[in-house]
Amino acid sequence: MSNQPKPKPNHLLVAIITTSGPFPEKDFEEVPINQHLEVMLKKAAKALGITDTTGWLAKHGLTVLDPSKSYQDLGLTGEISIDFGPPASGGGNE
Amino acid sequence: MNEIAAKALFMAQMPALFSLAKIRGWEVHGAAYPTVDVTFTAAERRPLRVHMHAPDWDDTPPGITLLLPSGEPHPPDKLPTQGMFNHSAHNVTGKPFICSPGSQEYHTHTSHAADLWSNYREKSAFTLPGILTQIWNGWLIAPIT
């Protein structure tokens, strides 16, 4: 848990973890629960200079999240870190 | 790639790698040009040590060796059973390998030699932390054996 104050009513604290590091750089950003996840994903990519997120997944733990949904619709509350990055790929045994 | 330029590009990506390691609980054994050496750990999951060697970054992708946490070679039959972990002997190294773009072993494998690294190297997913993230994601979703 961070030392950040608790969020205002109808808000939550969000951090986006990317391959270029976290956004915000420290702690969390307070966002409204009805905001769509894609807003923070785009904001993080822009801030960190990530130009191409094609095919990237947003995950909370092992759960893949739909960026077009709000935090409320996704059932996310409190203080959360979201992994945003390229998924595993590959061909395997041949 | 000029060694000084390769080293500069390599080291510029290490702050992000250390940041991810701290957040994700990766144990960093080394992260200095030309080597990245980390162990992934998670509850109820067999740890995996990933050794990346990238002396010519980013003209060529890193060579990736899969190890036990002790640093010994990983037994092929104990590797995760997920698509990117190829348990067979690579045609150049003779070892199991990461069969996914971004690994030198993928791009030099007889099955994928036509899929050039130049198709990927400019993409944001194919930084050193990005390649490591892809392997971590593959390790995380592999069935527990």
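A few remarks follow.
- Extreme residue, positive dipole direction of the stretch A:11-85, given options A:F23, A:T54, A:I82 (C-beta unit charges): A:T54
- Helix-only CD estimate at 222 nm, as mean residue ellipticity for the protein assembly as shown, using -39500 (n - 2.57) per DSSP H run (n ≥ 4): -6500 deg cm²/dmol
- A Stokes-Einstein calculation at 25 °C with viscosity 0.890 mPa s, built on the Kirkwood radius of the protein assembly as shown over Cα pairs, returns a diffusion coefficient of 132 µm²/s.
- Between helix A:37-47 and chain A: long-axis angle, C-alpha atoms, 0 to 90°, nearest 10: 80 degrees
- The calculated pair-distance distribution of chain B uses every alpha carbon pair, bins of 10 angstrom beginning at 0, and gives 12, 44, 36, 8, 0 percent.
- Listed by chain and number, the aspartates and glutamates whose alpha-carbon sits under 17 Å from that of A:K42, ignoring those within fewer than 8 places in the same chain, are A:E25, A:E29, A:E30, A:D52, A:D66, A:D83.
- Scattering from chain A was approximated by placing one identical point on each alpha carbon and applying the Debye formula without solvent; log10 I(q)/I(0) at 0.22, 0.24 1/Å stands at -1.13, -1.32.
- Rounded FRET efficiency, nearest 0.05, which uses the C-beta distance separating A:S81 from B:K78 and R0 of 41 Å: 0.85
- A:Q35 versus B:N2: modelled label distance in nm, points set 7 Å from Cα along the beta carbon direction: 4.3 nm
- Measuring between alpha carbons in the structure, the pairs from A:K69/B:K78; A:K6/B:K123; A:K59/B:K7; B:K7/B:K123; B:K22/B:K123; A:K6/B:K22 lying more than 27 angstrom apart are A:K69/B:K78; A:K6/B:K123; A:K59/B:K7.
- One Cα centroid belongs to the stretch B:1-70, the other to the stretch A:1-41; the line between them spans 27 Å.
- Order of B:M14, B:M52, B:M84 under a 10 Å beta carbon neighbour criterion, fewest first: B:M14, B:M84, B:M52
- Within chain B, longest stretch clear of exposed GluC sites (Glu not before Pro) (DSSP loop, no more than 13 other Cβ within 10 Å): B:45-121
Each value in this text was obtained by applying a stated rule to the coordinates, not by laboratory testing. Because the structure is a prediction, the values reported are computed rather than measured. Neighbour counts are summed over all protein chains in view; Cβ atoms, including those assigned to glycine, are modelled from backbone coordinates with ideal geometry.
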